Amino acid sequence: MIPSADEDVDSRGRRAVGRRSFLKGLGMAGATLLPASALLTTKANAMGGAKSGTLTKGDAAILRFLAAAEILEADLWQQYNELGGIQDSEVPGGTGNAAYTAALAVLDADMAQYIHDNTEDEISHFTFINAYLASKGADTVNLDSFRTLPSSKATGAQQIGRLTNLMQLTVDTSYWTRYRSRANNPDLDPGFQFPQAIPSLFNG
């Protein structure tokens, strides 16, 4: 059977999932993977089961890029969670930092839950992408050999190698004053520089 214009054929003549169909099925936007398990299941069913169809080299490369991005995000959020997130078995590692967690609660009482859930999400994202790659016989992503950056020495942080450095971030905390200002409106005065709630975080 001659493949349609929306299908690819690999080097061994087997029909592969077309890139346009593949990307439309995943519903990707930038480097953020939306909940795609149902979409991938639907795609697999349409192709006759999870084992039918293969990934082209380009599709596999796109997924590996996304997996790498999610691993980097998970590394950063893991450090955040070790200090200010909820400590439980869902996101292992770290013991929490009471003073840091209390300071975050001043900004938002639900911050510990937010940090925890974001961390768990990022871990699930790269785990899912790697599992999908493996199910299609494609190479997965492992960045463990690059975990060479030092950890924070703050109480609660694991002393392990990191991919990202949470200690040298520039954080814009003007959001705290932006919508609390009585004199300036961020929507009507877009050029106004609202002060930082925590100036030292804006210095790198």
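The values are calculated or read from the model by the stated rules, or taken from the named source; none is laboratory data. Since the structure is predicted, the reported quantities are computational estimates derived from the model, not experimental observations. Note that we place each Cβ from the backbone using ideal geometry, even for glycine, and neighbour counts take in every protein chain shown. Quick note on the areas: whole protein, heavy atoms, side chains included, nothing else; ligands and nucleic acids left out. Shrake-Rupley method; radii C 1.70, N 1.55, O 1.52, S 1.80 Å.
Within the set Asn130, Asn142, the sole residue that is part of a loop (DSSP other than H, G, I, E, B) and over 16 Å from Glu82 (Cα atoms) turns out to be Asn142. Just to be sure before I move on: is Arg162 farther than 28 Å from Pro92 by Cα and among the basic types (Lys, Arg) in the structure I sent? When the stated conditions are applied, Arg162 does not pass them.
Can you tell which of Ser145, Ser174 is in contact (Cβ under 8 Å) with a residue 12 or more places away in the chain and among the polar types (S, T, N, Q)?
Working: Ser145 fails: in contact (Cβ under 8 Å) with a residue 12 or more places away in the chain.
Going through Ser145, Ser174 in turn, just one is in contact (Cβ under 8 Å) with a residue 12 or more places away in the chain and among the polar types (S, T, N, Q): Ser174.
Checking the condition in a loop (DSSP other than H, G, I, E, B), among the aliphatic types (A, V, I, L, M) and under 30 Å from Ala138 (Cα atoms), which residue from Leu55, Leu72 passes?
Numbers: Leu72 fails: in a loop (DSSP other than H, G, I, E, B).
Of Leu55, Leu72, the one residue that is in a loop (DSSP other than H, G, I, E, B), among the aliphatic types (A, V, I, L, M) and under 30 Å from Ala138 (Cα atoms) is Leu55.
In this entry, Thr56 is excluded by the filter for residues that are over 16 Å from Leu166 (Cβ atoms), surrounded by fewer than 21 Cβ atoms within 10 Å (Cβ to Cβ) and free of Cβ contacts under 8 Å to residues at least 12 places away in the same chain. Checking Asp187 against (1) over 28 Å from Gln87 (Cα atoms); (2) surrounded by 13 or more Cβ atoms within 10 Å (Cβ to Cβ): exactly one of these is not met. Which one? The number of the failed condition is (2). Enumerate the pairs (first residue in segment 74-97 and under 14 Å from Leu163 (Cβ atoms); second residue anywhere and basic (Lys, Arg)) with beta-carbon separation below 9 Å, excluding pairs fewer than 6 apart on the same chain, so at least 6 apart or on different chains. Hits for this filter: Asp75/Arg147; Asp75/Arg162; Leu76/Arg162; Gln78/Arg162; Gln79/Arg162. Residues in segment 91-101 that are loosely packed, with under 13 Cβ neighbours inside 10 Å, under 25 Å from the mean Cα position of the chain (by Cα) and outside any loop (DSSP other than H, G, I, E, B): none.
Quick one: in segment 132-167, which of the residues that are polar (S, T, N, Q) and within 19 Å of the chain's Cα centre (by Cα) is farthest from Asn97 (Cα to Cα)? Spell out how you get there, then give the answer.
Step one: list which residues in segment 132-167 are polar (S, T, N, Q), which gives 135, 140, 142, 145, 148, 151-152, 155, 158-159, 164-165.
Of the ones still in play, those that are also within 19 Å of the chain's Cα centre (by Cα) are 140, 142, 164-165.
Numbers: Thr140: 34, Asn142: 29, Thr164: 20, Asn165: 18 Å.
The selected residue is Thr140.
Among the listed residues Tyr132, Tyr100, which satisfies the condition of being more than 29 Å from Phe202 (Cβ to Cβ) and touching a helix residue (DSSP H, G or I) at 6+ places or on another chain (Cβ under 9 Å)? Outline the logic, then answer.
Details: Tyr100 fails: more than 29 Å from Phe202 (Cβ to Cβ).
On inspection, the qualifying residue turns out to be Tyr132.
Among the residues of segment 159-174, those that are modelled with pLDDT under 85 and open to solvent by 80 Å² or more (accessible area, probe 1.4 Å) comprise Met167, Gln168, Thr170. Restricting attention to segment 125-148, the residues that are open to solvent by 60 Å² or more (accessible area, probe 1.4 Å) and within 15 Å of Ala69 (Cα to Cα) total 7. Annotation note: of Ala109, Ala154, Ala61, the sole residue that is open to solvent by less than 60 Å² (accessible area, probe 1.4 Å), out of contact with any helix residue (DSSP H, G or I) (no Cβ under 8 Å at 6 or more places or on another chain) and not basic (Lys, Arg) is Ala61.
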